[in-house]
Amino acid sequence: MLRWILFDLNSFFASCEQQQDPSLRGKPVAVVPTLADSTSVIAASYEAKQKGIKTGTKVGDAKKMCPGLILKTGNHRLYTEFHYKIVKAVEDVLPIKHILSIDEVACELIGKEREVETAKKLAQQMKDYVRQQVGSEIKSSVGIGPNILIAKMASDMQKPDGLVWVRIPEIAEKLGPLPIDAIPGVGRQMKYRLNQLGYFKVADFLKVSEHQLRKHWGNIAGLRIAKELQGVCLSYRERTQQKSISHQHVLPPQLRTT
């Protein structure tokens, strides 16, 4: 059964810049903290990503990778304005249960909304309506799943402009082949440590007991992730005791929901 829609904005900061300034559309854009080669890219448009530029790329390297790269200094006020417009548009389609970050929101499905065809229709309507109301450059990838973790992983599977759903019986088939760093919260160091323990794909987590995964993970987050990878829907309080979704772009404390 599908219970959550995760709405994820694609290349959000760069998309806001392209929406605000039509001259940037279709061109490689990188949002940076300052116009210095020693700093790193905060966000890259998909045109820039096609050249290999991504979040964390040094600006000096990015310029070499893409000589025509356009640099824009980050404008948090602009991104927050777009955030509010997007939130309003999403809520015209379905109430938002949790604002996870400035570029991600989660909507809980109830009743017949949990049926696959209805959930897919709502998700597509959400994508289309946001672009209609906010702007053509505001693209999204949407994941639908039995819990927020799986919905998040589904949203990452097809970018840009994707729509992926994963039901509980499909977890092993759809998520199993993915590398372990497809699990939110598995960074470079965690990936290395888990590789040493024999975990390389999501399927490797599905083969072990909850107790073993908790032990290998190193804290109780492993137990929670083990349960969520099986399709269990934990309460938001349970799943936020240890952060499972790593957000690069977050809202100021006064703008967050709990």
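The values are calculated or read from the model by the stated rules, or taken from the named source; none is laboratory data. Note that the coordinates shown come from a computational prediction; the quantities given were computed from them, not determined experimentally. Using ideal geometry, Cβ is built from the backbone for each residue, glycine included, and neighbour counts are taken over all protein chains shown. These accessible areas exclude ligands, DNA and RNA; they are computed on the full protein's heavy atoms, side chains included. Shrake-Rupley method; radii C 1.70, N 1.55, O 1.52, S 1.80 Å.
Largest first, the residues 129, 192 sort by 1.4 Å accessible area into 192, 129. The figure for residue 102 is an accessible area of roughly 0 square angstrom, using a 1.4 Å probe on the protein chains alone. Would you give the gap between the C-alpha center of region 4-80 and the C-alpha center of region 99-134, rounded to a whole Å? Value for the Cα centre distance between the two parts: 26 Å. Using the Cα gyration tensor of region 195-235, with a ≥ b ≥ c the square roots of its eigenvalues, what is the shape: rounded (a/c below 1.5), prolate (a/b larger than b/c) or oblate (neither)? Note, shape of region 195-235 comes out oblate. Would you list the P(r) distribution for region 1-41, with all Cα-Cα distances sorted into 5 Å bins from 0 and each bin expressed as a whole %? Cα pair-distance distribution for region 1-41, in percent: 5, 19, 19, 17, 15, 8, 6, 6, 3, 1. Phi angles of region 178-187 translate, via the Karplus equation with coefficients 6.51, -1.76, 1.60 and θ = phi - 60°, into HN-Hα couplings of 6, x, 5, 6, 6, 7, x, x, 8, x Hz per residue; Gly and Pro are given as x.
Would you work out the relative contact order for the chain, in percent, from Cα pairs under 8 angstrom that are 6 or more residues apart? Relative contact order of the chain: 20 percent. Estimated at the nearest 10 Å², the accessible area of residue 32 is 0 Å² with a 1.4 Å probe. When 127, 58 are compared by accessible area of protein heavy atoms, the largest-first order is 58, 127, using a 1.4 Å probe.
Ligands, DNA and RNA excluded, the heavy atoms of residue 54 present near 130 Å² of accessible surface to a 1.4 Å solvent probe. Since only 217, 130, 196 are under comparison, the one whose Cα sits farthest along the positive direction of the charge dipole of the chain, derived from C-beta charges on Lys, Arg, Asp and Glu, is 196. Listed options for P(r) over Cα pairs in 10 Å bins from 0, in percent are (i) 6, 25, 30, 23, 12, 4, 0; (ii) 7, 29, 33, 24, 7, 0; (iii) 7, 32, 37, 20, 4, 0. The value calculated from this structure is the one marked (ii).
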